[in-house]
Each structure stands twice: as C-alpha cells, then as structure tokens.
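These notes concern the structure reproduced below.
Derivation of every value follows stated rules applied to the coordinates shown; laboratory data play no part. In this text the structure is predicted, and so the values were computed from the model without any measurement. No Cβ is skipped: glycine too gets one built from the backbone with ideal geometry, and neighbour counts run over all protein chains shown.
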Amino acid sequence: MPRVAPFGGWRSPINAALVAAGEVPISLATLSGQDIYWLEGKPLEGGRNVLVRYANRQRTELTPGDFNVRTRVHEYGGGAYVVHGTTAFFSNFSDQRLYRQDAGSEPRAITPEPEAPAALRYADGRVTADGRLLICVRERHPTEGGEAVNELVVLPTDGSSSPRVIASGHDFFSSPRISPDGRRLAWLAWDHPRMPWDGTELWLADLAADGGVSNERDVAGGPNESIFQPEWSPLGELHFVSDRTGWWNLYCLAGEQARPLAPMDAEFGVPQWVFGLSRYAFLGDGGIACFYTRDGFAHLALLRPDQPLRTLDLPYTSYASLHADGAALVFIAASPTEAAAVIRMDLRTGEREVLGRSLAHDLDPRYLSRPRPIAFPTARGRDTAYALYYPPTNADFVGGPSERPPLIVASHGGPTSMTTAQLDAEIQFWTSRGFGLVDVNYGGSTGYGREYRERLKGQWGIVDTEDCIDAARFLAREGEVDGQRLAIRGGSAGGYTTLCALVFHDDFAAGASYYGVADCEALAKDTHKFESRYLDGLIGPYPEALDVYRQRSPIHYADQLSCPVILFQGLEDRVVPPAQAEAMAAALRSKGLPFAYLAFEGEQHGFRKAETIQRTLEAELYFYSRVFGFPLAEPIAPVAIENL
C-alpha cells in the first residue's frame with residue numbers, strides 16, 4: 001500500500017544519474033541501401049556524438065573516440081553527416097572540417113584546415129549519384145571579424161581540391177537536394193530579418209557534371225511563406241512543404257504550379273532550427289509516407305495516388321527522421337511511455353523492429369506520469385492556449401488528503417518550438433517525486449498553424465509569459481495543484497519566459513533559469529548570425545525599438561523580483577553569453593533575495609555532459625526543497641544559496 005509522504009519528497013528510482021547517463025540522445029536516422037545509420041549522444045564521453053550503423057542485424061559504432069559528429073553551422077547544427085554507399089562524410093566538432101570514412105578505414109579530412117580554428121563549417125551535404133562530388137552548406141567566419149558568410153559549395157569527395165562556391169548572395173542557405181538524374185539542384189534560401197519559419201524561397205537550377213549551377217530561378221516561397229524540406233521523388237518531381245494556407249502542407253511542383261497533395265489543418269513541417277529534418281519520404285509504389293502534427297500530437301500517415309491520406313494506428317505520439325526503402329520505413333518515434341527509438345517498419349506486414357533506443361532499459365511504468373492535453377483560456381482575449389499536464393505519479397507514495405502538489409511550469413525553448421507528448425526522463429524525475437508538471441505550448445509555439453505561431457510577433461515576453469501563468473492558474477482553479485507552491489523553469493528562450501514571469505508578475509514562488517535571456521538588448525548585440533535578427537520579429541527592429549528591448553529585459557527590473565531563483569549557465573555559451581546570467585546574479589545579490597548561481601566549464605547552449613545534467617537536476621531539487629520546505633528522500637549535495 002502506498003505510504004503518505006509530502007509532495008516533492010517522494011523517493012523515486014528515476015534519479016538524476018539515470019536521467020543524465022541513462023538517456024542517450026538519438027537523432028538523424030537515415031538509410032543507405034539496406035543499412036541504417038543514426039547519431040547517438042555520449043553523455044559520459046563529454047556529450048560527443050557517434051555515428052552508428054545497423055547492418056546484418058548488428059549495431060556498430062563507426063566514428064572513433066576522438067571524433068564528435070557535430071556541426072556548428074547556425075550554432076544549432078544538424079545535418080552533420082551523409083552516407084553514400086558504405087562511405088560516410090561527416091563534420092567533426094573540434095575543428096569543423098569535413099571527414100571521409102570508408103568502410104573499415106579511419107576518418108580522413110577532405111576539407112582544408114582553416115586560417116582560424118573552426119572558421120569553416122559544413123552541414124546538410126548530399127553526394128552525387130556517381131559518388132564524385134559533395135554539395136553542402138558552408139558557413140565562413142572571417143578571420144578579420146564581421147558577420148559569417150553562408151553559401152552552397154561543391155567539393156570532390158576525395159578531398160583532391162578545395163570547396164568551390166556555387167550559390168551565394170543570401171544570408172542563409174539550406175537543403176541542397178540533387179535530382180535523381182543529377183541534372184538539377186534545389187535548395188532553400190532566406191535573408192535577414194526573417195527566420196526560416198517566417199519566409200524562405202525555394203530555388204531551382206541546372207546542375208552541371210562538375211557541380212556548377214546555371215539558370216537559377218526562384219520557384220516558390222517568399223517573405224511570408226515558409227518552405228520546408230524540398231525533396232525529389234524517384235520520378236524527378238520536386239516536392240516540398242509550404243505554409244501558404246496557414247498550415248505547413250505537402251505540395252508537388254508541376255511546371256511552375258504547386259499542387260497540394262493533402263490539404264488539411266495540420267502541420268507536415270516543423271521549424272528549421274537544425275539541418276537535416278525529414279518529415280516525408282517516397283515509397284516504392286509511388287506513394288508517400290509522412291508525419292503530421294495536430295493538436296500537439298504527431299501521426300504517421302500514407303498518401304497514395306488518387307487516395308485520401310490514411311493515418312496509421314500506431315502507439316507513438318512523436319516522430320522524426322523519416323526515410324523509406326521500398327515498403328520499409330525507418331524513423332525515430334516515441335510515446336508518453338516509450339522513450340525515443342530508431343524503428344524499422346514493414347508496411348506490408350505492419351511489423352516493427354526497434355534498432356536503437358535512447359534508454360537502455362524501460363522505466364518502470366508504475367512511476368510514469370501520462371500527459372493529459374489541456375486547453376485553457378488566456379489573458380488579453382487570445383482565446384485558448386495549450387499544454388500537456390503530467391500529474392504526480394509514484395506507486396509507492398501518495399500525498400496527504402488535504403495537500404495539493406506543488407506545480408512546475410515548464411516553458412520550452414525556441415521560442416518558436418513546441419513540447420511533444422513523448423517519454424522524457426527529466427519530466428518523470430519531477431513527477432515521480434510528487435510534483436505536478438505542466439509543459440506549455442504557449443502562443444508562438446508550432447504545431448497549431450501559422451496564426452497561432454504568430455501570436456508572439458512583437459509580443460515575446462508577454463504572450464508566452466501570460467500563457468504560462470494562465471496554465472498554472474487554470475490547474476490551481478481546477479484543484480489539481482497548490483496555488484501557493486508554483487514554480488517555473490525553462491532553458492534559453494524558456495529561461496527568458498521564466499525570468500519575465502518572476503520579474504513582471506508575482507504568481508510564482510520560485511524559478512529556475514537555464515542559460516536564460518535576461519537582457520534582450522545584449523542578446524540583440526551579442527549573439528550568433530542565425531538568431532542575430534530573430535528579435536526583430538519577436539520584439540522589434542534594433543536599435544529603433546530600444547525602449548521596448550529595455551522594457552522587456554528582466555535585468556532592468558530585477559528590483560521587482562520577490563521570490564527565490566536558481567540560475568544555470570554554460571561558460572562557453574555563444575547563443576546566450578554568460579554575462580547575462582552573471583548580471584542577473586549580481587542584481588539578486590544586491591537585492592538580498594535568495595538565489596543560487598551554478599556555472600559550468602566546457603558547456604555551451606544546452607548541457608550535454610552527464611555530470612552537468614545530474615548536478616543541475618539535483619541542485620534544482622535541493623533548491624525547491626529549501627524554498628517549499630519538504631524533506632528530501634535521498635541525500636543530495638547541497639547548493640550554496642545566498643541570502644537564505
């Protein structure tokens with residue numbers, strides 16, 4: 001029989017060490033012939049990524065221990081490798097050079113050493129059918145300083161000569177895709193101040209045998225239309241996803257006209273924070289397998305010629321990296337009770353095989369909280385916002401009959417992103433200890449159409465903050481949680497929302513900011529190229545809207561803080577530099593409020609090292625135990641909390 005114990009102080013088998021070391025990030029699954037490849041993170045090896053091959057029912061780690069398959073193009077990376085036959089080409093994190101690794105051989109560099117470390121970066125490559133040339137995105141960081149230059153380049157796959165520029169003149173490029181006959185090249189381009197989910201252009205050109213392009217023309221997209229994942233069918237028809245109707249839907253380019261294939265109020269695309277995203281693939285019978293998202297849940301569907309879209313009845317609610325070989329699909333999928341896994345599925349039989357898992361061992365279902373989608377009214381007449389609520393769940397404990405659990409409001413990063421209904425050991429770390437947790441898809445999140453995504457236009461720090469507050473208030477009114485013990489946490493943009501909620505409102509009793517933005521003006525002046533004009537749309541053009549930047553910056557109003565805060569920061573973060581967290585800590589120290597500041601050497605924007613992840617989770621739990629006054633079930637290294 002479960003024991004009665006204070007919420008927050010329940011003992012759980014889902015500890016911080018398990019979260020940090022037990023969950024292995026997996027990403028970018030792909031196919032080459034019958035072989036399947038993907039990337040696996042190594043939290044216990046400094047967070048490096050290794051390329052994995054699954055062939056003949058055997059899993060092999062290909063890249064040696066001194067290599068880390070990760071690109072820094074756009075800083076967020078993605079598209080760090082491509083495979084042709086049995087040869088892999090990948091970007092190595094430490095020097096950002098491209099390497100070639102033939103079967104049974106060690107990797108060797110095929111791009112030159114740049115003048116300055118990591119000054120030449122590569123991503124999103126594709127190899128010509130004959131294996132001679134590789135076309136990819138390159139990002140050049142001038143040694144004399146100034147903004148990086150993005151372009152498309154072609155290079156010989158044997159490294160016999162330096163890369164040659166074939167497309168330039170735009171601020172950003174992505175998705176170079178070669179037609180099956182090798183005679184055409186498609187790609188995406190966009191310019192400041194737009195982000196790729198605001199507006200992109202789809203370009204098409206003739207491709208010569210030496211990799212040169214001619215007859216370049218803009219065939220779709222524009223300032224107010226976001227194009228996603230251009231892809232050639234086996235018959236040489238160019239497909240892409242566009243949000244021209246307000247929803248990211250699938251199209252086929254016929255001549256100069258784009259024909260919709262399955263028009264519906266659902267999202268077939270996602271924001272291009274990283275390269276190499278794949279949400280649809282061509283089947284051997286002329287059909288298309290695709291993912292779409294509706295109401296916060298993702299689905300796998302089949303689209304066959306002259307037939308309506310058919311959604312498959314599968315247990316998954318989150319998908320990524322879809323590829324096909326005939327009637328076989330490969331993808332990454334997860335559900336509320338199953339962590340992300342690489343899966344091969346035979347469409348003829350429906351049989352599914354798990355090839356790789358992000359968790360080596362299943363978590364005990366008796367300690368797993370299942371998310372419940374909620375829709376709640378929002379402030380300022382914006383109708384409805386959305387979230388996933390995870391109630392406290394632990395087979396061994398219950399709270400007292402008159403006690404309600406504390407609530408953690410999770411604000412996702414981006415902010416143009418979304419939270420998905422998939423097993424997350426970090427969420428379960430909290431819920432299995434007696435916390436309720438609500439993961440908010442505030443206005444501005446993707447997955448609900450362009451109109452919902454644009455609620456944040458000019459309103460960052462307002463709409464997202466109020467929606468997080470409204471989610472907490474809704475659950476407190478419903479009697480689900482204790483309205484006096486509300487906490488908010490988030491990383492990056494979610495950290496900014498956290499700080500805004502704590503500074504400009506008084507609904508929360510505590511907060512945790514992970515590498516959060518405290519000074520919008522500093523972010524506008526000191527961040528990487530990809531996001532250097534992002535705030536133009538979220539706040540206003542800088543410096544013309546300087547007053548608004550200062551009004552929205554928590555650092556200038558730290559004297560309004562009235563609750564304890566814990567701050568976490570990577571000291572090598574180029575997206576949100578450490579100076580912002582340090583300035584916030586100084587303001588908290590000056591005001592005399594309880595706070596803790598933990599900084600980590602060798603960490604960038606998003607923590608990857610197991611020891612960092614474990615320490616931050618335990619420190620945050622310790623912090624809440626002191627603030628909310630519940631006993632800890634397990635010994636945890638204390639945190640130095642100033643002013644407490």
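Here are the numbers for this structure:
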| read-out | value |
| --- | --- |
| Likely footprinting exposure, M264, M418, fewest C-beta neighbours within 10 Å first | M264, M418 |
| Acute angle (nearest 10 degrees) that the helix 610-628 long axis makes with the longest principal axis of the chain, alpha-carbon atoms | 30 degrees |
| Qualifying chymotrypsin sites (Phe, Trp or Tyr not before Pro) for region 457-541 [loop in DSSP, other Cβ within 10 Å: at most 16] | none |
| Tensor-based shape of region 175-316 (alpha-carbon gyration tensor, a/c under 1.5 rounded, otherwise prolate or oblate) | oblate |
| Contact order relative to length of the chain, as percent, for alpha carbon pairs under 8 angstrom and 6 or more apart | 11 percent |
| Size of electric dipole in the chain: Cβ of Lys, Arg +1 and of Asp, Glu -1, about Cα centre, debye, nearest 20 | 820 debye |
| Highest to lowest packing among 216-225, 288-297, scored as the average C-beta count within 10 Å | 288-297, 216-225 |
| Extreme residue, positive dipole direction of the chain, given options C136, L28, L588 (C-beta unit charges) | L28 |
| Dipole magnitude (debye, nearest 20) for region 491-628, charges at Cβ of Lys, Arg, Asp, Glu | 100 debye |
| Karplus (6.51, -1.76, 1.60) ³J(HN,Hα), θ = phi - 60°, over region 92-108, in Hz, Gly and Pro reported as x | 9, 4, 5, 10, 6, 7, 8, 10, 10, 10, 7, 4, x, 10, 7, x, 9 |
| Environment charge of P638, counting only residues whose C-beta is closer than 11 Å and scoring Lys/Arg +1, Asp/Glu -1 | 0 |
| Shape category assigned to region 284-358 from the gyration tensor of Cα positions, a/c cut at 1.5 | oblate |
| M1, M195 arranged by Cβ crowding within 10 Å, fewest neighbours leading | M1, M195 |
| Most to least packed among 114-125, 628-639 [average Cβ atoms within 10 Å] | 114-125, 628-639 |
| Mean Cβ neighbour count within 10 Å, used as a protection proxy, ranking 128-139, 54-65 highest first | 128-139, 54-65 |
| Acute angle (nearest 10 degrees) that the helix 493-504 long axis makes with the longest principal axis of the chain, alpha-carbon atoms | 30 degrees |
| Candidate values (1) 32.8, 126; (2) 24.3, 75; (3) 26.7, 88, label of the one derived for Rg and Dmax of the Cα atoms in Å | (2) |
| Proximal lysines to K457, defined as alpha-carbon separation beneath 30 angstrom and excluding residues fewer than eight positions away on the same chain | K525, K529 |
| Region 1-74, relative contact order in percent, only Cα pairs under 8 angstrom and at least six apart counted | 18 percent |
| Selected from S553, I469, V219, residue furthest toward positive end of dipole (the chain; charges at beta carbon) | I469 |
| 0 to 90° range, to nearest 10: angle between helix 463-477 axis and the chain longest Cα axis | 50 degrees |
| Cα-centred dipole magnitude for region 284-358, charges only on beta-carbon of K, R (+1) and D, E (-1), debye, nearest 20 | 80 debye |
